[in-house]
Amino acid sequence: MEHTEKLSQKADKGKISKPSIHSRRIFISYSREDSKGLASKLRADLEARGHTVLGDTQQIRAGQSWEERIESMITDSDILVVLLTPHAVQRPDGVCLGEISLANDAGLKIIPIMVIETRPPLSIFRLDWIDLQNWEQPAQYEAGLQRLIQAVEY
């Protein structure tokens, strides 16, 4: 390896540059009631990096069975990003519980993000989660986004 290559690698250490990997298909699981804004922001940032982000609003046509379409999108994804909030994951009506179960069954990589403090469901309880409880603060959001990018791309 040439000396200039080594210097370039040292300079790039610690910062996340454009990936030299294939685009990932990512499904974002969230509760519209309390994390729609964050889901939209993450979608935009992940798409800006070249990933395909699937979700419950853009890819479902009027008159289409939303349950079947969501199942199809999840099983066609590489990664499930789940935004953890009480409304999303608490029993018996947690809107994301079925999506997490399906992703587990399909063998997807699951990346949990804590948005509002809650107990993660048992199926993902031991996974390390990204803290975006104060995502409206730019420094907090950027730190969480960088962790998400690392989990998705590397």
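Assuming R61 fulfils every condition listed in (1) surrounded by fewer than 16 Cβ atoms within 10 Å (Cβ to Cβ); (2) modelled with pLDDT of 95 or more apart from one, which condition is it?
(2)
Looking only at residues in the stretch 135-154 that are over 15 Å from L42 (Cβ atoms) and in a loop (DSSP other than H, G, I, E, B), which one is modelled with the highest pLDDT?
Here the residue is Q137.
Consider the stretch 69-90. How many of its residues are of a type outside the set (A, V, I, L, M) and either farther than 15 Å from T118 by Cα or free of Cβ contacts under 8 Å to residues at least 24 places away in the same chain (or both)?
If we filter the stretch 69-90 for residues that are of a type outside the set (A, V, I, L, M), which is where we start, we get 69, 71-72, 75-78, 85-87, 90.
Next, from what is left, pick out any that are either farther than 15 Å from T118 by Cα or free of Cβ contacts under 8 Å to residues at least 24 places away in the same chain (or both): 69, 71-72, 75-78.
Result for the stretch 69-90: 7.
On the basis of being surrounded by 15 or more Cβ atoms within 10 Å (Cβ to Cβ) and within 17 Å of D78 (Cα to Cα), does I111 make the cut?
Details: surrounded by 15 or more Cβ atoms within 10 Å (Cβ to Cβ): yes; within 17 Å of D78 (Cα to Cα): yes.
Against the criterion (surrounded by 15 or more Cβ atoms within 10 Å (Cβ to Cβ) and within 17 Å of D78 (Cα to Cα)), I111 qualifies.
I'm trying to understand the selection: among the residues of the stretch 138-154, which are touching a Pro at 6+ places or on another chain (Cβ under 9 Å) and surrounded by 17 or more Cβ atoms within 10 Å (Cβ to Cβ)? Before the answer, list the steps.
Residues of the stretch 138-154 that are touching a Pro at 6+ places or on another chain (Cβ under 9 Å), as a first pass: 149, 152-154.
Those that are touching a Pro at 6+ places or on another chain (Cβ under 9 Å) and surrounded by 17 or more Cβ atoms within 10 Å (Cβ to Cβ): V152, E153.
Do we find that L46 is part of a strand (DSSP E or B) and touching a residue at least 40 places away in the same chain (Cβ under 8 Å) in this structure? Explain how you work it out, then say what you get.
Working: part of a strand (DSSP E or B): no; touching a residue at least 40 places away in the same chain (Cβ under 8 Å): yes.
No; evaluated as a whole, the condition is false for this residue.
Out of curiosity, is W135 of a type outside the set (A, V, I, L, M) and either surrounded by 20 or more Cβ atoms within 10 Å (Cβ to Cβ) or touching an Asp or Glu at 6+ places or on another chain (Cβ under 7 Å) (or both)?
On the way: of a type outside the set (A, V, I, L, M): yes; either surrounded by 20 or more Cβ atoms within 10 Å (Cβ to Cβ) or touching an Asp or Glu at 6+ places or on another chain (Cβ under 7 Å) (or both): yes.
So W135 fits the description; yes.
In the stretch 89-108, how many are part of a helix (DSSP H, G or I) and under 14 Å from the mean Cα position of the chain (by Cα)?
We begin by selecting, within the stretch 89-108, every residue part of a helix (DSSP H, G or I); these are 89, 97-106.
Those still in the list that are under 14 Å from the mean Cα position of the chain (by Cα) too: 99-100, 103.
Number of matching residues: 3.
Could you list all residues from the stretch 1-42 that are under 20 Å from L145 (Cβ atoms), at pLDDT below 95 and of a type in the set (K, R)?
K13, K15, K18, K36
The values are calculated or read from the model by the stated rules, or taken from the named source; none is laboratory data. Keep in mind the model is a prediction, meaning the values are calculated, not measured. Positions of Cβ are backbone-derived with ideal geometry, glycine not excepted, and every protein chain shown enters the neighbour counts.
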